[in-house]
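Student: One structure coming up, written as structure tokens, with questions to follow.
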Amino acid sequence: MTSPQNDRVFITTSPQGLRYDLPPMRLWNKAKRLGIWNPGDIDFTQDIADWQQLNDDQREALARSSALFLAGEESVTLDLLPLILVIAREGRLEEEMYLTSFLWEEAKHVEGFRRFFDEVAQDHTDLARYHGPNYRHIFGEELPAAMNRLLTDNSPVAQVRASATYNLIVEGVLAETGYYGFERTLTQNHILPGMQQFIGLVKRDESRHIAFAVYFISRLMAEHGESVWTALQERMNELLPFTMGVVSDTYVTYQDGKMPFDLPHDEVLGYAMTQFQKRMSRIERARQQTLDEINSIANELDEQQA
Ligand code: FE
Ligand code: FE
């Protein structure tokens with residue numbers, strides 16, 4: 001009893017089955033092994049004690065970074081769905097399977113950062129005071145607009161602009177710079193071991209998110225050519241000043257450009273800039289590659305990191 005319209009092809013019951021050789025399936029396998037930790041299980045006992053020993057400036061600096069992360073994790077949780085929808089509509093089952101773990105990981109990150117404020121800082125005030133103008137521009141305007149555009153425009157250019165905003169700028173530059181700041185302050189001062197553990201787990205999840213984006217954008221370039229690369233460069237350059245502005249906004253609140261815990265502005269800005277350039281050159285190398293080459297290179301990199 002098939003109607004002429006009902007010519008749906010099922011991937012998994014076709015001779016093709018599931019493509020375990022695709023990079024997103026390798027990331028999916030990794031996510032099932034490494035992404036299953038529980039933010040509710042992190043032990044903050046020592047963190048609560050350490051927090052009492054910090055001075056006001058140090059507490060302020062940690063609360064500021066955590067407030068940027070908390071609203072950032074909320075944003076990426078709420079804003080991811082249009083990208084998943086586009087991929088589902090294109091029937092890319094393996095990519096969607098991986099993205100189910102991506103979204104659940106973002107939800108865990110939200111929970112972990114909120115636990116920090118509830119249990120360690122015990123701060124229930126309005127944390128939006130920490131969100132500067134550049135932060136508000138990226139998370140309040142650019143990110144939701146680029147993602148929601150996919151609901152009405154599924155063109156390769158719209159897809160690459162969304163992924164550049166979400167994965168390369170927000171995850172690849174802003175979040176990575178944030179982990180660097182946490183590592184420099186918490187690890188080197190041997191404080192807040194629960195937060196150190198939590199940040200380490202978040203960072204490991206995020207490395208898969210960025211690996212997916214590098215694959216995704218490379219695939220778009222292989223399928224649609226130079227227009228994707230041009231759109232990517234345009235988007236990254238549009239967002240660069242606001243991205244660096246997020247770092248600068250943090251520092252205008254501190255005298256002589258130095259943060260508590262002695263983390264100089266130019267060191268953080270330099271790190272952010274390096275992250276930006278690293279992502280761009282990884283993707284630029286994929287410009288000349290075919291889809292098969294992209295798949296095997298992504299899998300090789302994956303093996304080296306395993
Ligand atoms: Fe996250
Ligand atoms: Fe992420």
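The values are calculated or read from the model by the stated rules, or taken from the named source; none is laboratory data. Bear in mind the structure is a predicted one, so any value in this text is a computation, not a measurement. With ideal geometry, Cβ positions are generated from the backbone for all residues, glycine too; neighbour counts draw on all protein chains shown.
Student: Could you check G91 against (1) small (G, A, S); (2) over 22 Å from Q197 (Cα atoms); (3) within 21 Å of the chain's Cα centre (by Cα) and say which number it fails?
Tutor: Among (1) small (G, A, S); (2) over 22 Å from Q197 (Cα atoms); (3) within 21 Å of the chain's Cα centre (by Cα), G91 violates only (3).
Listed here are the residues, each with its yes/no results for (1) buried (at least 23 other Cβ atoms within 10 Å of the Cβ); (2) out of contact with any His (no Cβ under 8 Å at 6 or more places or on another chain).
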residue: P82; (1), (2): no, yes
residue: E95; (1), (2): yes, yes
residue: E105; (1), (2): yes, no
residue: V110; (1), (2): no, yes
residue: L151; (1), (2): no, yes
residue: N154; (1), (2): no, yes
residue: N167; (1), (2): yes, no
residue: V173; (1), (2): yes, yes
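Student: Here's something else I'd like to know. Tell me, which helices (runs of 4 or more DSSP H) wholly within the range 98-186 include 1 or more residues that are within 16 Å of ligand 2 (Cβ to nearest atom)? Outline the logic, then answer.
Tutor: Values: elements: 133-136, 143-148, 156-163, 176-182.
Per the criteria, 143-148, 156-163, 176-182.
Student: Another question about this same structure. Tell me which of these N148 doesn't satisfy, since it passes every other one: (1) modelled with pLDDT of 95 or more; (2) farther than 25 Å from E90 by Cβ.
Tutor: (2)
Student: Let me ask something else. Would you confirm, using the coordinates I've provided, whether G132 is away from ligand 1 (no atom under 16 Å from the Cβ) and farther than 18 Å from I283 by Cβ?
Tutor: Taking the combined requirement at face value, the residue satisfies it.
Student: Any residue at all in the range 43-59 that's surrounded by fewer than 17 Cβ atoms within 10 Å (Cβ to Cβ) and within 14 Å of ligand 2 (Cβ to nearest atom)?
Tutor: No, every residue in the range 43-59 fails to be surrounded by fewer than 17 Cβ atoms within 10 Å (Cβ to Cβ) and within 14 Å of ligand 2 (Cβ to nearest atom).
Student: I would also like to ask the following. Looking at the range 42-62, can you tell me whether even one residue there is more than 21 Å from N167 (Cα to Cα) and within 16 Å of ligand 1 (Cβ to nearest atom)?
Tutor: Yes, there is a match, as at least one residue in the range 42-62 is more than 21 Å from N167 (Cα to Cα) and within 16 Å of ligand 1 (Cβ to nearest atom).
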